Number of protein chains: 2
Amino acid sequence: MKTLVVDMMGSDNGSKATAEGVLLFLSRHPETKIIAVGKIEELKSLEGKCELIDARDIVPMEAGAMEVMRMRNSSMMVAINTLIERKADALVGAGGTGAFLSAATLKLKLIEGVERAALMSPFPTAIKGKKVTILDIGANNENTPSQLIQFAKMGRIYSQQVMKVSEPHVYLLSNGAEDKKGSPEVKEANHLMREMNFPGFKGNIEARDALDGEADVIVTGGFAGNVFLKGTEGVATMMNNLIKKAFKRNLFSKLGYLLAKKGFKEMKETMDYKTTGGAMLLGVNNVVVKGHGSSDGFSFSYALEVAYKMAEANVISLIKEGLSTHE
Amino acid sequence: MKTLVVDMMGSDNGSKATAEGVLLFLSRHPETKIIAVGKIEELKSLEGKCELIDARDIVPMEAGAMEVMRMRNSSMMVAINTLIERKADALVGAGGTGAFLSAATLKLKLIEGVERAALMSPFPTAIKGKKVTILDIGANNENTPSQLIQFAKMGRIYSQQVMKVSEPHVYLLSNGAEDKKGSPEVKEANHLMREMNFPGFKGNIEARDALDGEADVIVTGGFAGNVFLKGTEGVATMMNNLIKKAFKRNLFSKLGYLLAKKGFKEMKETMDYKTTGGAMLLGVNNVVVKGHGSSDGFSFSYALEVAYKMAEANVISLIKEGLSTHE
């Protein structure tokens, strides 16, 4: 039986959304033990279904590492400490990313051989149902070639064990598909990965082709990865707003929407980030999943789902092995 | 009277598209002199309307700097040399970006005080008709803080003189809106721009907000800028394909398209990269515009339009002044 510790506080939609997410998850996995941490009076719907731990403080969305480490009674710190004390299998939170990542990294410590933890997320692709795993999407401001190779190793293990891709195609995000293209770090990482015959390494990929469904794992430094994540998110949001506007134009266009609705529902499912559940912090000594800040219950239940799958697949042990073997 | 030199060869759609573009441009600006360089037998439609220079070789799309410099009889090199010899006002090309940028930079030389040329393009924003100028979108693999500040100066001058924004809002692309967020180069550039009270500098902007219409100029290193350009382009293409698919689903959805068509036409216009004309190379001693590789006649005519406007506005002289004054 797996045990998941959940920081219930700090998301944009409050504890109502996270509690709904926990209940949804439990309806799918009734055998899992959930330890829910937060203001106990807001978690009444979970009574009898989870272990509840009361924590009165909420870490502000923009808190830095030092601030959160001092907030010992915050739901975030209590959740992290509970994870450690109870030797639980995974941590899920929905609060501020920066604080959550720093606190988790400082308390759980990096896996031996990992210089930097990476934030990873699956992205939708043009191939229906297929997702591509991209890391680092924002845990770091700069990365060395050897850090990029560690990310590639961790991403590959995740793709195999959780996404169930037997031989993942691994790429480096670059400004050109040719091996010689890229920032100095990317060029050097490409060279080293060619030299070591990194399994499944296919070379560089341009951002334009990242979501076409060819790649299973895309490795990038955290700065460019964050630009990719937020740039694509921004354009998708902008286009969604334009689609809504186009359909709302007049009576005819509204009727047009009714007629084309099913097709657009399919499109929404393809582009849906909600079933990706959130982002994972890879490289620390436990499973850590960060739900989207704007998670609703459905979306948050998938953050728990990802954490559960990672715990089931023993991803952390596999990463530890993977990093010590084909170095 | 302005003189524009045009490399007619090397675009995906051949000289037919570029010739169409030249004719379209001339219908709007009959007083402009065009020197068209390429295989003369393919440029019959321009006879009597432009000066034609025969050049038999075409630089391959993926040619490197050294390769193109050796191709003296290529339309690209002949066009660049003609620009220099004739003291023409601007150069427009549609061939391979890498080769075009390297050859133009090597032959035209950098403006004094500019360490690196930058590739710049206007992007559509959520505000109808408003575009944001983003640079560098791919001329460089890495940039120092002082190079980023030079880009900011050049982008600001372009925004004022060509986009006619009197007080442009200038931002640095980063992984967080706070001043302390970013890669080491971005952090330092932010610090320096605050210190020097860079005119219109508003701080960092996240990729998510880059196209919301607040910013007039966004400065980025070439590697992250290229990831932004191609990432947003990739998602926009993917969503356009999904929209087409949604409407083509069945008879009802096709009817739905007919009813909502006008709204989607408006959306297409908002997202249209064609009226942005292409990308400009800023920092060299003349106006250099690179049309999109997949330019049709309409789109290529706007690449000429941008070159014309830049020449009219004396952007190069203004950049020279701007870089020597508020250093």
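The values are calculated or read from the model by the stated rules, or taken from the named source; none is laboratory data. From a predicted model like this one, the values you see are computed outputs, not experimental measurements. Glycine also receives a Cβ, built like all others from the backbone with ideal geometry; neighbour counts cover every protein chain displayed.
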For this session: Those residues that are at pLDDT 95 or above and in a loop (DSSP other than H, G, I, E, B), I need them from region A:50-72; list them, please.
Result: A:A55
Exercise. From the list A:L91, A:L148, which residue is in a strand (DSSP E or B) and either more than 14 Å from every other protein chain (Cβ to nearest Cβ) or buried (at least 23 other Cβ atoms within 10 Å of the Cβ) (or both)?
Worked result: A:L91
For this session: Considering every residue within region A:152-166, establish whether at least one is without any contact (Cβ under 8 Å) to a residue 12 or more places away in the chain, in contact with an Asp or Glu (Cβ under 7 Å, 6 or more places away or on another chain) and more than 30 Å from B:L258 (Cα to Cα).
Result: no
Exercise. B:D136 passes all but one of (1) in the same structural domain as B:F228 (by TED's automatic domain parsing); (2) modelled with pLDDT under 95; (3) not aliphatic (A, V, I, L, M); which number fails?
Worked result: (2)
Seminar exercise, completed: Flagged in region A:180-207 as modelled with pLDDT of 95 or more and among the charged types (D, E, K, R), in numbering order, are A:E185, A:K187, A:E188, A:R194, A:E195, A:K202, A:E206
Exercise. Does region B:129-145 hold any residues that are more than 10 Å from chain A (Cβ to nearest Cβ) and surrounded by fewer than 21 Cβ atoms within 10 Å (Cβ to Cβ), and which are they?
Worked result: B:G129, B:K130, B:K131, B:T144, B:P145
Exercise. Do we find a residue being within 14 Å of chain B (Cβ to nearest Cβ), of a type in the set (K, R) and not in a helix (DSSP H, G or I) anywhere in region A:151-174?
Worked result: no
For this session: Among the residues of region B:74-104, write down those that are in contact with a strand residue (DSSP E or B) (Cβ under 6 Å, 6 or more places away or on another chain) and farther than 20 Å from B:S11 by Cα.
Result: B:A88, B:D89
Exercise. Among helices (runs of 4 or more DSSP H) lying entirely in region A:182-289, which contain 1 or more residues that are away from chain B (no Cβ under 12 Å)?
Worked result: A:184-195
Exercise. A:F123 fails exactly one of the following numbered conditions: (1) free of Cβ contacts under 8 Å to residues at least 40 places away in the same chain; (2) within 13 Å of chain B (Cβ to nearest Cβ). What is the number of that condition?
Worked result: (1)
For this session: Evaluate region A:288-299: report whether one residue or more is crowded, with 20+ Cβ neighbours inside 10 Å, in the same structural domain as A:L106 (by TED's automatic domain parsing), at pLDDT 90 or above and not charged (D, E, K, R).
Result: yes
Exercise. Consider A:S121 against the criteria (1) in contact with a Ser or Thr (Cβ under 9 Å, 6 or more places away or on another chain); (2) assigned to a loop (DSSP other than H, G, I, E, B): it satisfies all of them except one. Which criterion is unmet?
Worked result: (2)
Seminar exercise, completed: Every listed condition ((1) closer than 26 Å to A:L119 by Cβ; (2) modelled with pLDDT under 95) holds for B:P122 save (1)
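Would you call B:S11 without any contact (Cβ under 8 Å) to a residue 40 or more places away in the chain and either hydroxyl-bearing (S, T, Y) or not assigned by TED's automatic domain parsing to the domain that holds B:V287 (or both)?
Here the answer is no, as B:S11 does not meet what is asked.
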Problem set entry | Filtered residue count, region A:232-252, keeping only those that are more than 24 Å from the chain's Cα centre (by Cα) and either at pLDDT below 80 or of a type in the set (A, V, I, L, M) (or both) | 6
For this session: Can you tell me which residue within region B:54-66, out of those that are more than 14 Å from B:F100 (Cβ to Cβ) and in contact with a helix residue (DSSP H, G or I) (Cβ under 6 Å, 6 or more places away or on another chain), is nearest to the other protein chains (Cβ to nearest Cβ)?
Result: B:A55
Seminar exercise, completed: Selection from region A:67-77 of residues more than 14 Å from chain B (Cβ to nearest Cβ) and not β-branched (V, I, T) yields A:M69, A:R70, A:M71, A:R72, A:N73, A:S74, A:S75, A:M76, A:M77
